[in-house]
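> Can you read through this structure? Questions will come right after.
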Amino acid sequence: MSEAMLSLRGVTAYYGAIAALKGVDIEVPAGEIVTLIGANGAGKSTLMMTIFGAPRARDGSILFDGRDITHLPTYEIARLKIAQSPEGRRIFPRMTVLENLQMGAAVTQFAHFDEDLRRVFDIFPRLKDRASQRGGTLSGGEQQMLAIARALMSRPRLLLLDEPSLGLAPLIAKQIFSVVGELNRNEGLTVFLVEQNAYHALKLAHRGYVMVNGQITMSGGGLELLERPEVRAAYLEGGR
Amino acid sequence: MADHAPAHPSSPFMAALRNAFITALIALGLAAPMMGLVTVQGPNGLRLEPHWERVAIAVGLVFLGRLALNLTIWRPDAGRTRTQIPPRVEATLARLGRWFAPVAVALAVALPFLPGVERYTVDLAILVLTYVMLGWGLNIVVGLAGLLDLGYVAFYAVGAYSYALLAQHFGLSFWVCLPLAGILAAFWGVLLGFPVLRLRGDYLAIVTLAFGEIIRIVLLNWYWFTGGPNGIGGIPRPSFFGLDFTPGPDGFAATFGLKFSPLHRIIFLYYLILALALITNFVTIRLRRLPIGRAWEALREDEIACRSLGVNTVNTKLTAFALGAMFAGFAGSFFATRQGFISPESFVFMESAMILAIVVLGGMGSQIGVAIAAVAMIGGFELFREFKDYRMIVFGAVMVGIMVWRPRGLVSSRTPSVFLKEKKAIAGSLVQEGHG
């Protein structure tokens, strides 16, 4: 536990007077996939954004490699090699796929751009075919691939993925999850995954957290959580 | 038009006729009291005078106009194809488009020496080019960075007054003042940028609008410094690298063994603004391919995504404001040296609106589109000078027309700033399967 790459300690965040996060503790150890599941409005995406400093944590602290990043500006956090594939993808619709990927490499000063480009095209060959197409003309699945590829262009040490399966056909979602799993196994990429698709997320993850109303109610190994009756009842059998 | 369509339209024509008839009835209701009855001063006080023929004309016009619109633009089946250009035509246009820019530049360079070109034409071309340059400058802020700036003329004013005051009080030459004016304008750009960093869209537009007005009102009221409404006169003319355009023995004409002509200075001014405009264009095109230019465009698309990719949005916005303002400053000092006289009247909101209209009509972010729009708008404005105030109506109608048929501006396609150089041939062993 002391080796955690990212750790959140008693983090609270507010939208005006409304508390969205009420003292969250999360540990993401290096080399693992950690997932956070929860219902709509539980505060999952807020947590993801709070790691990036918007909204800023009001109390508690966020440590990355033991360094307190709670009060760093968003772009400085990104420069620490934390990359995010945000909720709703947020690709740049009028810019081409290639330009989107260039934006992803902004923090590396383009030191190894060609190499990284080849790598993400290997992972997502579809993007190579679409390289000169505008981001907005891609299908939902391709846009999600682009969002992940863009995040990978910065050679992240920690990848934050916010609902990568959102709005995707089950088959495409499965492909996305398997890519994430491969990146973790082959390259040791640390991943923090926020998902509604509890089954896939927990199966993939080494460790899982369950969030309800801005608080962590359960945590444990991914498969272990998957076996728990409370989790099954709330997020698997009833919800799906 | 769905809300006007009857439940069971027997035919499109009948539906259109019916709709036009209802519209005519509304027009009758409005026109009868407003146009049909006129109060006239009679011997026994006011009396009403009927003018039913006017009502008939108005109602008839409304009926026919509505019918014509119903049968053409507003036809239910016309909506899909209206804004589309056939792919064949589009392809031809694209091929022509590649040649358009070089030909236009060549024409612009040759313009003063073309047969039949008089002083008036060159003067008009100078005016047009000033707006082309302003359009390109504002394009950085609005078109690339997506920051709606309604007070752009403020920086134009800063540039103009910088040159006028520096030249008058310190006797500095145009070539020294030009960079100084640019720097001062950029400084004001940053100054405006700071308070509006967190604003976007409508809110940003309002603040920049106010900023433009503040600058103008300060110029108007700071009497001892700016001359207030009297403006500043006797601004030195530019020299040809030290040679004045005067008939004397050390003037431009005498030095080069030419016969003196007042046209020399006009032509010189023309090439000066042409060079300034082309520099603006060149710098913008180069910047678009650099990380900063890409960051501007990404900022326009999605600010939050930008920030989480490690882009410092504060610096990115400020550089956009500063660079846009700098080019306005250059254009401003050119304006001052050309006119020889400036006053706050030249820097009213209408100018900002005009420049913004050029950028929007040209197609935000498109360099060629902005140039075409500037030529069309400023040139057209001059061409229809005879029509006095009516030209504003024409102007409005043209703008509505463009927005209907080309809603994203004249040139709406965006040129990618980068292309994939290597071809698609990668070894099969490198391609992982099943993730596409």
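> Between a first residue in segment B:397-410 that is not assigned by TED's automatic domain parsing to the domain that holds B:Val142 and modelled with pLDDT under 85 and a second residue that is small (Gly, Ala, Ser) and loosely packed, with under 12 Cβ neighbours inside 10 Å, which pairs have beta carbons less than 6 Å apart while being 6 or more apart in sequence or on different chains?
Final answer for the pair search is none.
> Same structure, new question: Of B:Ser333, B:Ser343, which residue is out of contact with any helix residue (DSSP H, G or I) (no Cβ under 6 Å at 6 or more places or on another chain) and over 19 Å from B:Leu148 (Cβ atoms)? Lay out the reasoning, then the answer.
Numbers: B:Ser333 fails: out of contact with any helix residue (DSSP H, G or I) (no Cβ under 6 Å at 6 or more places or on another chain).
Testing whether each residue is out of contact with any helix residue (DSSP H, G or I) (no Cβ under 6 Å at 6 or more places or on another chain) and over 19 Å from B:Leu148 (Cβ atoms) leaves just B:Ser343.
> Another question, then. All but one of (1) among the acidic types (Asp, Glu); (2) farther than 22 Å from B:Gly193 by Cα; (3) within 14 Å of chain A (Cβ to nearest Cβ) hold for B:Glu345; which doesn't?
Among (1) among the acidic types (Asp, Glu); (2) farther than 22 Å from B:Gly193 by Cα; (3) within 14 Å of chain A (Cβ to nearest Cβ), the lone unmet condition for B:Glu345 is (3).
> Given the condition over 18 Å from B:Ile215 (Cα atoms) and either not polar (S, T, N, Q) or not in a loop (DSSP other than H, G, I, E, B) (or both), answer yes or no: does some residue in segment B:188-198 qualify? Break it down into steps so the answer makes sense when it comes.
At the first step, the residues of segment B:188-198 found to be over 18 Å from B:Ile215 (Cα atoms) are B:197-198.
Narrowing further to those that are either not polar (S, T, N, Q) or not in a loop (DSSP other than H, G, I, E, B) (or both): B:197-198.
Yes: segment B:188-198 contains one or more residues that are over 18 Å from B:Ile215 (Cα atoms) and either not polar (S, T, N, Q) or not in a loop (DSSP other than H, G, I, E, B) (or both).
> Among the residues of segment B:107-149, what is the count of those that are open to solvent by 10 Å² or more (accessible area, probe 1.4 Å), more than 18 Å from B:Gly329 (Cβ to Cβ) and aliphatic (A, V, I, L, M)?
Residues flagged as open to solvent by 10 Å² or more (accessible area, probe 1.4 Å), more than 18 Å from B:Gly329 (Cβ to Cβ) and aliphatic (A, V, I, L, M) within segment B:107-149 amount to 12.
> Within segment A:190-240, restricting attention to residues that are within 14 Å of the chain's Cα centre (by Cα) and β-branched (Val, Ile, Thr), which residue is nearest to A:Ala19 (Cα to Cα)?
Checking each candidate, the answer is A:Val194.
> Still on this structure, please answer the following. Scan segment A:49-88 for residues that are assigned to a loop (DSSP other than H, G, I, E, B) and more than 14 Å from chain B (Cβ to nearest Cβ) and report the count. Write out each step before concluding.
To start, the set of residues in segment A:49-88 that are assigned to a loop (DSSP other than H, G, I, E, B) comprises A:52-58, A:65-66, A:69-73, A:80-81, A:86-88.
Of the ones still in play, those that are also more than 14 Å from chain B (Cβ to nearest Cβ) are A:57-58, A:65-66, A:70-71.
Final tally of qualifying residues: 6.
> So in segment A:153-183, with the set limited to residues that are of a type in the set (A, V, I, L, M, F, W, C), within 12 Å of chain B (Cβ to nearest Cβ) and in a helix (DSSP H, G or I), which one is surrounded by the fewest Cβ atoms within 10 Å (Cβ to Cβ)?
A:Leu171
> Considering segment B:301-319 alone, what residues qualify as being more than 8 Å from chain A (Cβ to nearest Cβ) and either in contact (Cβ under 8 Å) with a residue 24 or more places away in the chain or in contact with a helix residue (DSSP H, G or I) (Cβ under 7 Å, 6 or more places away or on another chain) (or both)?
Residues of segment B:301-319 that are more than 8 Å from chain A (Cβ to nearest Cβ), as a first pass: B:303, B:314-319.
The answer is B:Glu303, B:Val314, B:Thr316, B:Lys317, B:Leu318, B:Thr319.
> Then there is this: Output the residues belonging to segment B:153-178 that are under 14 Å from B:Gly227 (Cα atoms) and free of Cβ contacts under 8 Å to residues at least 12 places away in the same chain.
Passing the criteria: only B:His169.
> Given the condition at pLDDT 80 or above, closer than 30 Å to A:Phe113 by Cβ and in contact with an Asp or Glu (Cβ under 7 Å, 6 or more places away or on another chain), answer yes or no: does some residue in segment B:362-371 qualify? Explain how you work it out, then say what you get.
If we filter segment B:362-371 for residues that are at pLDDT 80 or above, which is where we start, we get B:362-371.
Those still in the list that are closer than 30 Å to A:Phe113 by Cβ too: B:363-368.
From what's left, in contact with an Asp or Glu (Cβ under 7 Å, 6 or more places away or on another chain): none.
No, segment B:362-371 contains no residue that is at pLDDT 80 or above, closer than 30 Å to A:Phe113 by Cβ and in contact with an Asp or Glu (Cβ under 7 Å, 6 or more places away or on another chain).
> Among the residues in segment B:314-322, are any of a type outside the set (Val, Ile, Thr) and farther than 26 Å from B:Thr130 by Cα? Full working, then the answer.
Of segment B:314-322, the ones of a type outside the set (Val, Ile, Thr) are B:315, B:317-318, B:320-322.
Those left that are additionally farther than 26 Å from B:Thr130 by Cα: B:315.
Checked segment B:314-322: at least one residue is of a type outside the set (Val, Ile, Thr) and farther than 26 Å from B:Thr130 by Cα.
> What residue, of B:Gly159, B:Gly146, B:Gly116, B:Gly137, is in contact with a Lys or Arg (Cβ under 6 Å, 6 or more places away or on another chain) and in the same structural domain as B:Ala210 (by TED's automatic domain parsing)? Full working, then the answer.
Values: B:Gly159 fails: in contact with a Lys or Arg (Cβ under 6 Å, 6 or more places away or on another chain); B:Gly116 fails: in contact with a Lys or Arg (Cβ under 6 Å, 6 or more places away or on another chain); B:Gly137 fails: in contact with a Lys or Arg (Cβ under 6 Å, 6 or more places away or on another chain).
Testing whether each residue is in contact with a Lys or Arg (Cβ under 6 Å, 6 or more places away or on another chain) and in the same structural domain as B:Ala210 (by TED's automatic domain parsing) leaves just B:Gly146.
> Filter segment B:217-236 down to residues that are surrounded by 15 or more Cβ atoms within 10 Å (Cβ to Cβ) and either among the polar types (S, T, N, Q) or within 27 Å of B:Tyr270 (Cα to Cα) (or both), then give me how many there are.
5
> For B:Gly396, only one of the following conditions fails: (1) surrounded by 14 or more Cβ atoms within 10 Å (Cβ to Cβ); (2) of a type in the set (Gly, Ala, Ser); (3) over 21 Å from B:Ala157 (Cα atoms). What is its number?
(1)
> How many residues does segment A:93-111 hold that are more than 7 Å from chain B (Cβ to nearest Cβ) and open to solvent by less than 30 Å² (accessible area, probe 1.4 Å)? Working first, answer last.
Step one: list which residues in segment A:93-111 are more than 7 Å from chain B (Cβ to nearest Cβ), which gives A:97, A:100-101, A:105, A:108-111.
Keeping just the survivors that are open to solvent by less than 30 Å² (accessible area, probe 1.4 Å) gives A:97, A:100-101, A:105, A:108.
Result for segment A:93-111: 5.
Yes/no per residue for (1) farther than 19 Å from B:Ile183 by Cα; (2) outside the structural domain of B:Ile140 (by TED's automatic domain parsing); (3) open to solvent by 10 Å² or more (accessible area, probe 1.4 Å):
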site	(1), (2), (3)
B:Ala298	yes, no, no
B:Ile304	yes, no, yes
B:Gly310	yes, no, no
B:Asn315	no, no, yes
B:Leu318	no, no, yes
B:Phe321	no, no, no
B:Phe327	no, no, no
B:Gly332	no, no, no
B:Thr337	no, no, no
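> Within segment A:127-139, is there a residue that is in a helix (DSSP H, G or I), among the basic types (Lys, Arg) and open to solvent by less than 10 Å² (accessible area, probe 1.4 Å)? Spell out the reasoning first.
As a first pass, look at segment A:127-139 and keep what is in a helix (DSSP H, G or I): A:127-129, A:135-137.
Still in the list and also among the basic types (Lys, Arg): A:128.
Next, only the ones that are open to solvent by less than 10 Å² (accessible area, probe 1.4 Å) stay: none.
No, there is no match, as no residue in segment A:127-139 is in a helix (DSSP H, G or I), among the basic types (Lys, Arg) and open to solvent by less than 10 Å² (accessible area, probe 1.4 Å).
> Among the numbered conditions (1) under 20 Å from A:Glu32 (Cα atoms); (2) open to solvent by less than 40 Å² (accessible area, probe 1.4 Å), tell me where A:Lys81 comes up short.
(2)
> Find the residue count for segment B:245-283, including only residues that are in contact with a Gly (Cβ under 8 Å, 6 or more places away or on another chain), open to solvent by 20 Å² or more (accessible area, probe 1.4 Å) and within 21 Å of B:Ala160 (Cβ to Cβ). Explain how you work it out, then say what you get.
Narrowing segment B:245-283 to residues in contact with a Gly (Cβ under 8 Å, 6 or more places away or on another chain): B:245, B:254, B:260, B:280.
Of the ones still in play, those that are also open to solvent by 20 Å² or more (accessible area, probe 1.4 Å) are B:245, B:254, B:260.
Applying the additional criterion that residues be within 21 Å of B:Ala160 (Cβ to Cβ) yields B:245.
Residues in segment B:245-283 being in contact with a Gly (Cβ under 8 Å, 6 or more places away or on another chain), open to solvent by 20 Å² or more (accessible area, probe 1.4 Å) and within 21 Å of B:Ala160 (Cβ to Cβ): 1 in total.
> Taking segment A:184-240 as the search range and keeping residues that are closer than 30 Å to A:Arg119 by Cα and without any contact (Cβ under 8 Å) to a residue 12 or more places away in the chain, which one is surrounded by the fewest Cβ atoms within 10 Å (Cβ to Cβ)?
Quick first cut of segment A:184-240, residues closer than 30 Å to A:Arg119 by Cα only: A:184-208, A:222.
With the extra rule that they be without any contact (Cβ under 8 Å) to a residue 12 or more places away in the chain, the set shrinks to A:185-187.
Numbers: A:Arg185: 11, A:Asn186: 8, A:Glu187: 11.
Among those residues, the one meeting the criterion is A:Asn186.
> Tell me which residues, restricted to segment B:149-171, are part of a loop (DSSP other than H, G, I, E, B) and touching a Ser or Thr at 6+ places or on another chain (Cβ under 9 Å).
First, pick out the residues of segment B:149-171 that are part of a loop (DSSP other than H, G, I, E, B): B:149-152, B:171.
B:Asp149, B:Leu150, B:Gly151, B:Tyr152, listed by residue number.
> Counting only residues that are of a type in the set (Phe, Trp, Tyr), give me the helices (runs of 4 or more DSSP H) lying completely in segment B:232-313 with at least 1 of them. Steps first, please.
Working: elements: B:252-255, B:263-288, B:291-301, B:303-308.
Here the list reads B:252-255, B:263-288, B:291-301.
The values are calculated or read from the model by the stated rules, or taken from the named source; none is laboratory data. Owing to the predicted nature of the structure, the values given are computational and were not obtained by experimental measurement. Backbone-built Cβ (ideal geometry, glycine too); neighbour counts: all protein chains shown. Keep in mind that these areas ignore ligands, DNA and RNA; they rest on the heavy atoms of the full protein, side chains included. Shrake-Rupley method; radii C 1.70, N 1.55, O 1.52, S 1.80 Å.
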